[in-house]
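A.B. asks: Here's a structure for you.
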Amino acid sequence: MVFAAAPAAAVEWTPIAGIQALGGVHMFKGDRGSISGNADAVFAPAIRLDERWSLLPSLRSTYEGTRRVADVLGTATPVQERMEHKVAFRAVWADPSSRWRLKPGISYKLSFLNETADETWGKGLFDERLWTIGGEAELLTVEPHSVRASLDWFDASYPNYTSLESQAALRFSGQPLARELVGDQILDRNGVRLGVAFDMPVGERLRLDAGLSTVWSRYGRQKVVNDAGQFDADSRADFLTSLSASVRMPHEWNADLRALGSLTFGAGVLASNQNGYDASRGKFLAKFYDYRELSVTPA
């Protein structure tokens, strides 16, 4: 018996890495100013298997030591420190004779959020674990512009979150604790994200980028609260729709001096079947989590 194998093409490996650190001073009224900083490190080698297939693994870690206000449980919650670690793997299929590009991928992210300076890493009430599996299909129009469509499934969990029924009327981070947020695993959610986007030239110098996405999230353990402060059988479900459009104009004075001006318009709508119930006052708040927002961002 004779075995034969075709000669394999050489695998090309290109390491890409970077580290960024920023420092500064933040001050709050009534507190002494303190020095803090942010850091970001990434390692993302590009592996080309052949003329069609490439692999893009990546590892990224970020740290934010600058105090900020985060949207937690629908309230403005001061955050002392935040740290994230994300590992991702993406394959890219790109046939030289085709305008299509296919990009399946998977990622896992650990997020740590400390509300106080003495809180232990990994013990934060709102530490998050996030799995994402999905892919993107890209159609090249006029090089390098394209139209893209993506579909992702995600699962987010908060292993440290728990709130007892006896704590429902207590104040949390300066705000009354809503009754719909009482229990274990009630912040855990999973869902699907669908997105479409494109970019195209406008005239000789302008570039237009636009995108539309919708995210459906289901909170399996969070039941809908009614006007009596009791729970219905239905679980909470949210629909978030986002639209963005950006106009960019690059300018180059010489090989060493370049600039990029942009103007971005954004809109977002969240529709939820969940209501709010202020346990400390016995007040029912219908459609408490719904919102609409518009934004304009020059840069």
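Each reported figure results from applying straightforward, stated rules to the coordinates on display, with no laboratory input. Model, not experiment: these values are computed from the prediction. With ideal geometry, Cβ positions are generated from the backbone for all residues, glycine too; neighbour counts draw on all protein chains shown.
A.B. asks: Per the Debye formula with a single identical scatterer at each Cα and no solvent contribution, what log10 I(q)/I(0) holds for the chain at q = 0.09, 0.10, 0.14, 0.15 Å⁻¹?
C.D. replies: Results for the chain at q = 0.09, 0.10, 0.14, 0.15 Å⁻¹ read -0.64, -0.78, -1.36, -1.47.
A.B. asks: A further question on this structure: One-quarter of the Cα convex hull surface for region 49-129, in nm²? If you can, show how the numbers build up before the last one.
C.D. replies: On the way: hull surface 29.6 nm².
If you wrap the Cα atoms of region 49-129 in a convex hull and average its projections, you get 7.4 nm².
A.B. asks: Right, here's the next one. Among 213-226, 129-142, how do they line up by average Cβ neighbours within 10 Å per residue, starting with the highest?
C.D. replies: In descending order of packing, they fall as 213-226, 129-142.
A.B. asks: Only counting other Cβ atoms within 10 Å, I'd like GLU81, GLU180, GLU293 sorted with the fewest neighbours first. Don't skip to the answer; put the middle values down first.
C.D. replies: Values: GLU81 20, GLU180 26, GLU293 10.
The most exposed by this proxy come first: GLU293, GLU81, GLU180.
A.B. asks: Want the number for GLU204 to THR141: 0.36 nm per residue separation, take away the alpha-carbon distance, what's left? If you can, show how the numbers build up before the last one.
C.D. replies: Working: separation 63, 0.36 × 63 = 22.68 nm, distance 1.65 nm.
Here the segment from GLU204 to THR141 would lengthen by 21.0 nm.
A.B. asks: For region 57-62, take each phi angle, set θ = phi - 60°, evaluate the Karplus expression 6.51 cos²θ - 1.76 cosθ + 1.60, and give the result in whole Hz per residue in order, putting x for glycine and proline.
C.D. replies: Along region 57-62, the couplings run x, 8, 9, 9, 10, 10 Hz.
A.B. asks: Got the relative contact order for the chain handy, in percent, Cα pairs under 8 Å and 6 or more residues apart? Don't jump to the answer; show the numbers that get you there.
C.D. replies: Values: 751 pairs, mean separation 28.1, N = 299.
Across the chain, relative contact order equals 9 percent.
A.B. asks: Here's something else I'd like to know. Relative contact order (percent) for region 10-135, with alpha-carbon contacts under 8 angstrom and 6 or more residues of separation?
C.D. replies: 18
A.B. asks: Remind me, relative contact order of region 161-299 in percent, using alpha carbon pairs under 8 angstrom and six or more residues apart?
C.D. replies: It rounds to 21 percent for region 161-299.
A.B. asks: I would also like to ask the following. Report, by chain and number, residues whose modeled amide H sits under 5 Å from the one on ASP188, excluding near sequence neighbours (fewer than 5 apart, same chain).
C.D. replies: Result for ASP188 returns TYR158.
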